[in-house]
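Colleague: Have a look at this one.
The numbers here are math on the coordinates, done by the rules we state, and not lab data. Keep in mind the model is a prediction, meaning the values are calculated, not measured. As a convention, Cβ positions derive from the backbone with ideal geometry for all residues, glycine included, and neighbour counts pool all protein chains shown.
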Amino acid sequence: MADGTSVPIGGLASAKSAGRKTAMQKFAQRRSTTGFLLCLPLILLVACFVVYPAFYAIYLSMLNKKMTAFVGLGNFQFLLKRHTFQLVIFQSCLFAITAVVLKALLGFTLAHLMHNIPGKNQKIWRGLLLVPWVIPLALSTLTWWWMFDPSYSAFNWVLNQFGFANVPWLGVGWIARFCTIAVNVWYGTPFFMIMYLAALKSVPEQLYEASAIDGANAVQKLFFVTLPMMRNIISITVLFSLITTFADFDIVRILTAGGPQDMTHVFATYAFQVGIQSGDIPLGAADSLFMFPILAFAAFFVLRGVTKRTKEIAA
Amino acid sequence: MAEVSVRKVVKEYEGGVQAVKGIDLDIADHEFVVLVGPSGCGKSTTLRMIAGLEEITSGEIWIGGDVVNDVPPRDRDIAMVFQNYALYPHMSVFDNMAFGLKLRKFPKDEIKRRVDDAARILDIVPLLDRKPRALSGGQRQRVAMGRAIVRNPKVFLFDEPLSNLDAKLRVQMRTEIKKVHQTIPTTTVYVTHDQIEAMTLADRVVVMNGGVIEQVGTPQELYHNPASRFVAGFIGSPAMNFLPCRIQDGANGGLAVRVTDSIIVPIPPARVDRYGAYKGKEMVLGIRPEHLFEHRDHGKPGWTRVDLPVDVVEPMGMETMVHFFVEGTPVCARIDPATHAAPGEMLPLTADLNQMHLMLPDTGRVV
């Protein structure tokens with residue numbers, strides 16, 4: 001083929017078919033085409049189980065209780081005026097933000113402790129501390145519910161041993177709020193710990209050595225080396241946890257079912273109560289859709305920061 | 001500026017592995033000392049112990065007249081340049097260089113002045129606002145050096161700083177480092193496995209092997225008077241040739257080195273007394289490739305002709321390497337590029353035995 005004029009063996013007809021084949025092959029071989037085809041199953045799954053339900057929820061939220069008439073934003077306006085729903089917004093924000101901050105702080109501390117435990121022992125502790133995260137949440141929350149029980153509370157038994165009076169853990173608004181947050185923190189901290197531990201291990205040791213020689217003490221190393229190097233992981237983990245904590249259902253549903261006096265309701269449990277238990281599905285849908293703008297707002301800022309820092313740091 | 005002393009320093013890791021086996025070393029103020037040796041010889045460990053990044057198992061390290069065994073790195077007033085540069089990726093070049101000064105609470109204008117001065121010396125002024133990821137390897141290395149310079153420390157420590165650079169840049173940066181030391185003559189300890197780097201940079205070279213110091217000396221001393229077979233083989237490129245030999249009686253009451261039945265060369269009279277005690281003993285003859293020449297009938301005293309069959313010829317431009325085998329032992333000669341040597345042909349060679357080294361086969365000690 002050095003002269004550039006030779007045709008494939010088999011004559012002109014096969015040359016033509018070879019030409020067609022090449023066009024097909026070219027189409028199939030284009031990276032973007034291959035990529036799209038490989039992603040297609042996932043795209044279909046997402047379309048079926050995410051996009052369709054999301055749009056259906058938006059559609060539902062604009063119907064009346066009997067689902068016979070279009071009411072526009074009526075359900076949303078109704079919810080916003082309702083005192084219980086205002087409590088739900090407050091409690092959802094309090095629950096998610098407090099729990100995520102505590103999980104991040106505790107996870108970071110535990111990851112640091114874990115990072116400094118040598119070799120084999122580290123694996124044991126890591127395994128033990130992951131236990132809360134791997135137990136099905138509904139089961140572990142039931143255990144917590146028993147421990148908070150007004151009559152048989154393990155915590156109250158301990159308090160009694162030290163001469164303190166019983167505490168109505170799930171019976172008083174603010175204490176119940178504290179309990180739901182505490183259980184969420186107990187459950188979610190291992191996730192933060194394992195993510196931060198991985199991030200800590202990826203910080204090059206030489207940066208610590210360089211900073212030690214530059215004159216940094218342990219606290220300065222934390223603030224000038226560790227935290228800046230972990231900012232992306234911290235941001236992503238916080239965002240991810242914020243989303244799951246905001247949408248939490250199990251803990252509140254099992255521990256308090258939203259009580260006392262609706263003080264512990266979050267969006268998901270309130271949507272369940274209004275939509276399923278009270279039979280007002282459009283109102284429930286409207287309630288759950290309130291999460292969307294809040295989370296979209298958080299996601300936008302967090303991901304923007306992550307992208308910016310990745311560009312800055314990536315070598 | 002300060003002198004550094006290492007006294008009987010031992011580093012033993014868990015499991016009893018000794019990386020450094022009780023070394024002694026005194027480094028004078030302003031001196032540029034290079035620790036050189038193969039991987040695992042303990043040179044980096046020694047440097048890290050001086051830096052305070054590794055604990056010392058026993059012995060003492062002195063910096064500027066003080067024992068610093070228990071002094072943390074930040075209080076030793078040292079600066080270190082790492083192999084991977086260890087620049088803080090989230091900080092600009094300016095902040096990287098200023099970090100140590102900021103931690104030591106220097107006034108802002110003083111920090112700026114020092115960073116600007118260092119940047120000027122290293123020719124990195126236009127890079128001050130960039131992040132490390134936007135720099136090339138050579139520029140990163142300059143920034144790492146800048147970070148060391150701005151602190152004006154008592155001692156500079158370099159841990160294989162040029163290993164990650166390509167060959168051309170390495171030569172260029174080597175010159176830069178030498179220039180910086182001439183401008184700012186701070187006591188410097190430099191670790192490398194590259195003997196050329198060691199020879200070109202050092203006031204004194206410390207050759208380490210297996211956790212001990214084989215020899216300390218100026219580059220010339222190490223080249224001309226190696227103390228052991230290890231040093232003789234490590235310093236110089238291509239490496240010195242080593243040939244098993246026997247010392248025997250030579251002509252006119254002198255001595256001769258018998259390498260093979262056909263290669264028996266007289267030892268220069270000036271060395272007869274020195275080697276007399278080894279007559280009749282099996283020894284190792286060491287001769288550098290550059291002390292083997294193509295024979296041109298204009299020999300000097302101590303130059304002896306030997307004819308050898310050529311195995312491989314490597315023209316390098318300014319010189320040509322010719323490889324032979326002498327009874328199975330490889331030998332290399334660095335000869336004039338005008339040679340007509342061709343593989344398979346005999347080449348008459350002259351050895352300058354004034355430059356020979358004789359070693360004990362068991363200990364490797366040069367006699």
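Colleague: Arrange the following residues from fewest to most other Cβ atoms within 10 Å of their Cβ: B:Arg334, B:Arg288. Walk me through the intermediate numbers first.
Modeller: Numbers: B:Arg334 18, B:Arg288 23.
Final ranking by Cβ density, sparse to dense: B:Arg334, B:Arg288.
Colleague: Here's another thing I want to ask about it. May I ask for the distance between the Cα centers of the range A:160-180 and the range B:351-367, given as a whole number of Å?
Modeller: 88 Å
Colleague: Determine the percent antiparallel among the DSSP beta bridges restricted to chain B, to the nearest 5. Could the numbers behind the result be given before it?
Modeller: Values: 59 of 77 bridges.
The answer is about 75 percent antiparallel.
Colleague: Would you kindly compute the Cα radius of gyration of the protein assembly as shown and its largest Cα-Cα separation (Dmax), both in Å?
Modeller: 38.1, 127
Colleague: For the range A:162-315, build the convex hull from the C-alpha positions and give me its volume per residue in Å³.
Modeller: Details: hull volume 24.0 nm³, N = 154.
Convex hull volume per residue, Cα atoms: 156 Å³.
Colleague: I would also like to ask the following. Return the sequence-ordered ³J(HN,Hα) values of the range B:178-183 in whole Hz as given by the Karplus equation 6.51 cos²θ - 1.76 cosθ + 1.60 applied to θ = phi - 60°, using x for Gly and Pro.
Modeller: 4, 5, 4, 5, 5, 6
Colleague: Which lysines have a Cα less than 30 Å from the Cα of B:Lys279, not counting those fewer than 8 places away in the same chain?
Modeller: Filter leaves B:Lys300.
Colleague: I need the per residue convex hull volume for the range B:235-367, using only the alpha carbons, in cubic angstrom as a whole number.
Modeller: Numbers: hull volume 14.7 nm³, N = 133.
So the per-residue Cα hull volume is 111 Å³.
Colleague: How large is the charge dipole for chain B, taken about the Cα centre, if only the Cβ atoms of Lys, Arg (+1) and Asp, Glu (-1) carry charge, to the nearest 20 debye?
Modeller: 1100 debye
Colleague: Please order B:Cys41, B:Cys332 by the number of other Cβ within 10 Å, starting at the fewest. Don't jump to the answer; show the numbers that get you there.
Modeller: Details: B:Cys41 25, B:Cys332 20.
The order, fewest Cβ neighbours first, is B:Cys332, B:Cys41.
Colleague: Report the normalised scattering of the range B:20-138 as log10 I(q)/I(0) at q = 0.09, 0.14, 0.16 Å⁻¹, calculated by the Debye formula with identical scatterers on the alpha carbons.
Modeller: Here the Debye-derived log intensity ratios amount to -0.34, -0.79, -0.97.
Colleague: Here is a follow-up. List the residues, sorted by chain then number, that are 5 or more residues from B:Val191 or on another chain and whose placed amide H is less than 5 Å from its amide H.
Modeller: Here B:Leu35, B:Phe158, B:Asp159, B:Glu160 satisfy the definition.
Colleague: From a point 7 Å beyond the Cα of B:Asn152 in the direction of its Cβ, which residues of the range B:169-186 have a backbone N at a distance under 15 Å?
Modeller: B:184-186
Colleague: A:Leu94 to B:Ser237: FRET efficiency via 1/(1 + (r/R0)^6), r the Cβ-Cβ distance, R0 56 Å, to the nearest 0.05? Present the calculation step by step, with values, prior to reporting the outcome.
Modeller: Details: r = 71 Å, r/R0 = 1.27.
Calculated transfer efficiency: 0.20.
Colleague: Let me ask something else. State the Cα centre-to-centre distance between the range B:48-124 and the range B:177-227 in whole Å.
Modeller: Cα centroid of the range B:48-124 versus Cα centroid of the range B:177-227: 22 Å apart.
Colleague: Which of the pairs A:Lys103/A:Lys221; A:Lys308/B:Lys108; A:Lys103/B:Lys105; A:Lys103/A:Lys123 have their Cα atoms more than 31 Å apart in this structure?
Modeller: Details: A:Lys103/A:Lys221 22 Å; A:Lys308/B:Lys108 28 Å; A:Lys103/B:Lys105 34 Å; A:Lys103/A:Lys123 21 Å.
Going by Cα-Cα distance, A:Lys103/B:Lys105 fall outside the 31 Å limit.
Colleague: Stretched out fully, how many nm does the piece from A:Leu130 to A:Phe70 gain, at 0.36 nm a residue minus the Cα gap?
Modeller: Details: separation 60, 0.36 × 60 = 21.60 nm, distance 4.81 nm.
Residue separation times 0.36 nm, minus the Cα-Cα distance, leaves 16.8 nm.
Colleague: Let me ask something else. Would you list, by chain and number, the lysines whose Cα falls below 27 Å from the Cα of B:Lys168, excluding same-chain residues fewer than 8 positions away?
Modeller: B:Lys43, B:Lys131, B:Lys178, B:Lys179
Colleague: Right, another one. Among the DSSP beta bridges whose two residues both lie in the protein assembly as shown, what percent are antiparallel, rounded to the nearest 5?
Modeller: The antiparallel fraction comes to roughly 75 percent.
Colleague: While we're looking at this one, here's another question. Rounded to the nearest whole Å³, what is the per residue volume of the convex hull around the Cα atoms of chain A? Walk me through the numbers before you get to the answer.
Modeller: Working: hull volume 85.8 nm³, N = 315.
Dividing the Cα hull volume of chain A by its residues yields 272 Å³.
Colleague: Work the Kirkwood hydrodynamic radius out for the range A:238-315: mean of 1/r over every pair of different alpha-carbon atoms, inverted, in Å. Present the calculation step by step, with values, prior to reporting the outcome.
Modeller: On the way: mean 1/r = 0.0707 Å⁻¹.
Every distinct Cα pair counted, the radius reaches 14.2 Å.
Colleague: Amide H of B:Leu349: which non-local residues (sequence gap of 5 or more, or other chain) have their own amide H closer than 5 Å, using H built in the peptide plane?
Modeller: B:His295, B:Val306, B:Asp307, B:Leu308
Colleague: Can you list residues from other chains, or at least 5 along the same chain, whose modelled amide H is less than 5 Å from the amide H of B:Gly250?
Modeller: Under 5 Å from the amide H of B:Gly250 lie the amide H atoms of B:Leu255, B:Ala256, each far enough along the sequence or on another chain.
Colleague: If you don't mind, another one. With each pseudo-label sitting 7 Å past Cα toward Cβ, what's the B:Val212-B:Arg305 distance in nm, one decimal?
Modeller: Output for this residue pair reads 4.5 nm.
Colleague: Which aspartates and glutamates have a Cα lying under 18 Å from the Cα of A:Lys66, excluding residues fewer than 8 positions away in the same chain?
Modeller: Those aspartates and glutamates meeting the cut-off are A:Asp280, A:Asp287.
Colleague: Please report, in Å, the Rg and the Dmax of the range A:89-157, where both are computed over Cα atoms only.
Modeller: Every Cα atom of the range A:89-157 included, Rg and Dmax give 15.8, 45 Å.
Colleague: Can you give the relative contact order of chain B as a percent, counting alpha carbon pairs under 8 Å and 6+ residues apart?
Modeller: Relative contact order comes out at 15 percent.
Colleague: In addition: Taking the alpha-carbon set of the range B:3-58, what are its Rg and Dmax in Å?
Modeller: 11.3, 38
Colleague: What Kirkwood Rh does chain B have if only Cα atoms enter the pairwise 1/r average? Answer in Å. Working shown, then result.
Modeller: Values: mean 1/r = 0.0433 Å⁻¹.
It works out to 23.1 Å.
Colleague: Could you check the simple spin-label distance between A:Tyr59 and B:Val17, using points 7 Å along Cα→Cβ, in nm with one decimal?
Modeller: 6.7 nm
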